[in-house]
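The values are calculated or read from the model by the stated rules, or taken from the named source; none is laboratory data. As the structure is a prediction and not an experimental result, all values here were calculated from the model. When we count neighbours, we look across all protein chains shown, and the Cβ atoms used for this are built from the backbone with ideal geometry, even at glycine.
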Amino acid sequence: MILLFTDFGIAGPYVGQMHLVLRRLAPEVPIVDLQHDAPAFRPDLASYLLASHLALCEPGDVVVAVVDPGVGSARTPLALRLDGTWLVGPDNGLFEIALRRAQKVESYRIIWRPQRLSATFHGRDLFAPIAARLARGDCAGLEPAPVTRYPDWSDDRRAIVYLDPYGNAMTGVRASTVPPDAPVRVKGVMLVRARTFADVPAGSCFAFENSSGLLEIAANGASAATLLGLRVGDPVEILGPDC
């Protein structure tokens, strides 16, 4: 499959134009819109979200990931193969967390260029065509190259990396790294830990392990984002001697 992960949003022409290119070049390959509301202009936050999604991928899948505020600049276009799954997108930190968690890594720069390359839409003109080629088993147009690394980024980001339509707030922290009794605090509010929504009173905010394995902040039957005034990028505190 070809999976699309971007900050483009569903409205407007951008996702549709990427589908158009992919359908023409690899009509037999299924396309999945994994997510198009990744944190806009923030590859440093989207990196944690993208890494959590890769558990759904299988060897041979191709993920086109585009959160690319530096599009058209000197940043390198990449194709990485991580444990058999291809990732295609910009060299700007978007793949940093996935790289850390992969067992087998192959890294390439994309040297192929189309006849027409927009300065501002490499998702359509460069990354989508390469993804179609890779999905069909064609690795031409790639050259082995190192990836820019970001060693100062933490393995788990104690911040909100995504707000869903319900007002639930995903963090960049893997829930498995947090002791079950460790207190969680955001915007000065101490949150109870729970397994699911129905375990707390209606309207109450809590922290839990979401379906992607991330620590998430939510409210039972309400918007935690509204109740707590949350925004993407807000810090999250995890308290306790081992945290």
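Taking the numbered list (1) crowded, with 20+ Cβ neighbours inside 10 Å; (2) farther than 20 Å from Ala169 by Cα; (3) touching a residue at least 60 places away in the same chain (Cβ under 8 Å) in turn, Pro77 passes all entries but (3). Of (1) within 22 Å of Ala55 (Cα to Cα); (2) surrounded by fewer than 16 Cβ atoms within 10 Å (Cβ to Cβ); (3) not charged (D, E, K, R), Pro151 satisfies all except one. Which? Here Pro151 meets the rest and fails (1).
Cβ-Cβ distances below 9 Å connect the following pairs, each with a first residue in segment 126-151 that is at positive phi, a second residue that is of a type in the set (D, E, K, R) and modelled with pLDDT of 95 or more, and a separation of six or more residues or different chains: Gly141/Arg113; Gly141/Arg133.
Among what's in segment 8-24 and is in contact with a Lys or Arg (Cβ under 8 Å, 6 or more places away or on another chain) and surrounded by 17 or more Cβ atoms within 10 Å (Cβ to Cβ), pick the residue that is farthest from Val161 (Cα to Cα). Taking the candidates together, the pick is Val21.
So, in segment 109-151, of the ones that are polar (S, T, N, Q) and under 21 Å from the mean Cα position of the chain (by Cα), which residue ends up nearest to Ser73 (Cα to Cα)? In this case the residue turns out to be Thr120. Tell me yes or no: at least one residue of segment 177-189 is part of a strand (DSSP E or B), surrounded by 21 or more Cβ atoms within 10 Å (Cβ to Cβ), modelled with pLDDT of 95 or more and at negative phi. Checked segment 177-189: at least one residue is part of a strand (DSSP E or B), surrounded by 21 or more Cβ atoms within 10 Å (Cβ to Cβ), modelled with pLDDT of 95 or more and at negative phi.
Does segment 59-68 contain at least one residue that is of a type outside the set (Phe, Trp, Tyr), more than 22 Å from Cys139 (Cα to Cα), surrounded by 16 or more Cβ atoms within 10 Å (Cβ to Cβ) and touching a Ser or Thr at 6+ places or on another chain (Cβ under 9 Å)? Yes, segment 59-68 has at least one match.
Val173 falls short on exactly one of the conditions (1) part of a strand (DSSP E or B); (2) out of contact with any helix residue (DSSP H, G or I) (no Cβ under 9 Å at 6 or more places or on another chain), and that condition is (2). Residues that are in contact with a Leu (Cβ under 8 Å, 6 or more places away or on another chain) and of a type outside the set (Lys, Arg) were ranked within segment 131-142; the one that is nearest to Val62 (Cα to Cα) is Ala131. Test Arg116 against the criterion of being in the same structural domain as Pro43 (by TED's automatic domain parsing), among the basic types (Lys, Arg) and within 14 Å of Arg81 (Cα to Cα), and give yes or no. Spelling it out, it is not the case that Arg116 is in the same structural domain as Pro43 (by TED's automatic domain parsing), among the basic types (Lys, Arg) and within 14 Å of Arg81 (Cα to Cα).
Would you point out which residue out of Gln103, Gln35 is in contact with an Asp or Glu (Cβ under 8 Å, 6 or more places away or on another chain) and either modelled with pLDDT under 95 or polar (S, T, N, Q) (or both)? Before the answer, list the steps.
On the way: Gln35 fails: in contact with an Asp or Glu (Cβ under 8 Å, 6 or more places away or on another chain).
Sole residue among the options that is in contact with an Asp or Glu (Cβ under 8 Å, 6 or more places away or on another chain) and either modelled with pLDDT under 95 or polar (S, T, N, Q) (or both): Gln103.
The one condition from (1) under 24 Å from Leu227 (Cβ atoms); (2) surrounded by 15 or more Cβ atoms within 10 Å (Cβ to Cβ); (3) out of contact with any Lys or Arg (no Cβ under 6 Å at 6 or more places or on another chain) that Arg133 does not meet is (1).
Among the residues making up segment 142-170, those that are of a type in the set (Asp, Glu) and either part of a loop (DSSP other than H, G, I, E, B) or within 16 Å of Glu96 (Cα to Cα) (or both) are Asp152, Asp155, Asp156, Asp164.
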